[in-house]
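Contents: one structure, followed by commentary.
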Amino acid sequence: MAVSLVTGANGFLGRHLCRELLNRGDDVVPLVRGAAVGAEGGFVLSSKPQWSEIREAIDATGADYVYHLAGKSDASDIEVLYQANVIYAQSVLTGAAAAKSAPTVVLTGSAAEYGRPASRDMTAREGDVCRPLSAYGISKLAQTHHGFAASQTGLRVTIARLFNPIGVGSPASTALGNFVRQLSSMAASGGVLETGSLDSVRDFIDVSEAARTIALLPTLPETNGQVYNVCTGSGLRLQEIVDQLIEMSGFDVEHRLQGHRRGTSDLDIVIGSNERLRMLGVDVKTPNIRLVLSEMLSHERSKLEVR
């Protein structure tokens with residue numbers, strides 16, 4: 001039985017990854033920062049984990065894999081952003097390298113690392129030069145470079161560059177998570193849905209499919225020191241999704257655009273190529289958007305009913 005340590009285990013992607021790892025038979029150990037809340041059966045770290053804590057957790061559990069999902073997208077405090085996305089990752093890498101038996105480390109990156117796609121078809125490929133346009137993207141690219149450096153010293157490191165995961169439990173900080181919460185909280189008579197511009201196109205992947213792919217990556221041969229786009233390779237316009245959400249809500253909804261509402265990227269199109277995954281024999285499924293949206297709406301409405 002493999003032992004997998006997971007940072008960010010209580011997060012949106014982390015919960016799905018832990019479920020995937022448990023289903024394949026791994027012994028899953030969450031690494032939780034700052035407090036023991038939600039850390040049952042896990043390993044509690046300080047709020048700013050040091051590499052020695054990571055090494056201790058690896059040695060105590062005999063970990064085979066460390067999945068580093070913890071991070072932050074809010075760039076309002078640059079110091080906090082870099083602590084979460086760069087320094088924590090470096091502690092994971094240093095601690096893994098110093099362990100008695102070094103595990104394989106999977107770093108979860110972001111499509112924001114690419115910046116504006118270099119190709120005419122507006123598709124981001126792993127071999128593209130990265131020129132991130134946001135502090136968040138810059139911090140995630142820095143994490144990736146630390147991973148590359150660690151792999152050159154002998155540590156097994158794989159980078160899973162994640163695009164736009166969606167599904168039940170999507171945080172309110174994401175566009176879809178926010179839209180679903182607004183619709184779910186409306187009275188039966190309807191209401192107003194406030195959004196920013198919906199002209200952008202995104203590569204959405206079901207969070208369960210993303211978790212399956214990330215769990216699989218470090219078990220495949222020749223993935224050390226490589227970046228893999230975790231994406232579907234196809235895009236969907238946000239306007240189409242909002243139209244479906246409004247229809248599925250069954251409410252009389254007024255859609256109101258707000259110019260000040262912005263996401264983490266100002267790019268019109270963010271689509272990834274999953275060719276590297278396909279070369280490994282990994283087939284990433286395109287989500288059934290209508291089913292995913294239905295599940296998200298039902299979940300949020302059920303939470304409100306319980307209250």
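Laid out as a table, the results:
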{"item": "Hits among lysines - C-alpha to C-alpha of Lys140 under 16 Å, sequence gap 8 or more where chains match", "result": "Lys72"}
{"item": "Between 0 and 90°, nearest 10: helix 135-152 axis offset from the chain longest Cα axis", "result": "30 degrees"}
{"item": "Charge context of Glu254, other residues only, Cβ under 15 angstrom, K/R +1, D/E -1", "result": "-3"}
{"item": "Distant-in-sequence amide H partners of Val157 (H built 1.01 Å from N, under 5 Å)", "result": "Val105, Gly225"}
{"item": "Protein-only accessible surface order, largest first, of Phe43, Phe148 at 1.4 Å", "result": "Phe148, Phe43"}
{"item": "Extension gain, Ser197 back to Gln258 (0.36 nm per residue minus Cα-Cα distance, nm)", "result": "21.2 nm"}
{"item": "Built amide H within the under 5 Å cut-off of Asn164, gap 5+", "result": "Asp203, Ile205"}
{"item": "Derived scalar couplings ³J(HN,Hα) [the range 12-29; Karplus, 6.51 cos²θ - 1.76 cosθ + 1.60; whole Hz; x for Gly, Pro]", "result": "4, 5, x, 4, 6, 5, 4, 4, 5, 5, 5, 5, 8, x, 6, 8, 9, 10"}
{"item": "Dipole of the chain [Lys/Arg +1, Asp/Glu -1 at C-beta], most positive-end residue of Ile138, Pro117, Pro287", "result": "Ile138"}
{"item": "Cut-off under 5 Å, modelled amide H: who pairs with Val29 long-range", "result": "Ser4, Leu5, Val6"}
{"item": "Listed residues Met279, Met122, Met248, most fluctuating in the chain (Gaussian network, C-alpha, under 10 Å)", "result": "Met279"}
{"item": "Sum of side-chain charges, Ile58 neighbourhood, beta-carbon under 11 Å (Lys, Arg +1; Asp, Glu -1)", "result": "-2"}
{"item": "Nearest 10 degrees, 0 to 90: helix 238-249 Cα axis against the chain principal axis", "result": "70 degrees"}
{"item": "Of Val66, Val253, Val44, the one that fluctuates the most in a GNM where the chain has Cα springs shorter than 10 Å", "result": "Val253"}
{"item": "Rounded to the nearest 10 Å², the accessible area of Asp26 at probe 1.4 Å", "result": "10 Å²"}
{"item": "Helix 207-216 vs. the chain, principal-axis angle (Cα, 0 to 90°, nearest 10)", "result": "20 degrees"}
{"item": "Modelled FRET efficiency - R0 41 Å, Ser294 with Ser101, Cβ distances, 0.05 increments", "result": "0.35"}
{"item": "Exposure ranking of Asp243, Asp268 by accessible area [1.4 Å probe, largest first]", "result": "Asp268, Asp243"}
{"item": "Most mobile listed residue (Ile246, Ile54, Ile271) in the chain, GNM with C-alpha springs under 10 Å", "result": "Ile246"}
{"item": "Computed [θ] at 222 nm, deg cm²/dmol, the chain (DSSP H ≥ 4; -39,500 (n - 2.57); rounded to nearest 500)", "result": "-11000 deg cm²/dmol"}
{"item": "Kirkwood-based shape ratio for the range 114-163, expressed as Rg/Rh from alpha carbons", "result": "1.01"}
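The values are calculated or read from the model by the stated rules, or taken from the named source; none is laboratory data. Keep in mind that what you see is a predicted model, and the values were worked out from it rather than measured. Please note: Cβ atoms are built from the backbone with ideal geometry, for glycine as well, and neighbour counts cover all protein chains shown. For the accessible areas, the whole protein counts, side chains as well, though only heavy atoms, and no ligand, DNA or RNA atoms are used. Shrake-Rupley method; radii C 1.70, N 1.55, O 1.52, S 1.80 Å.
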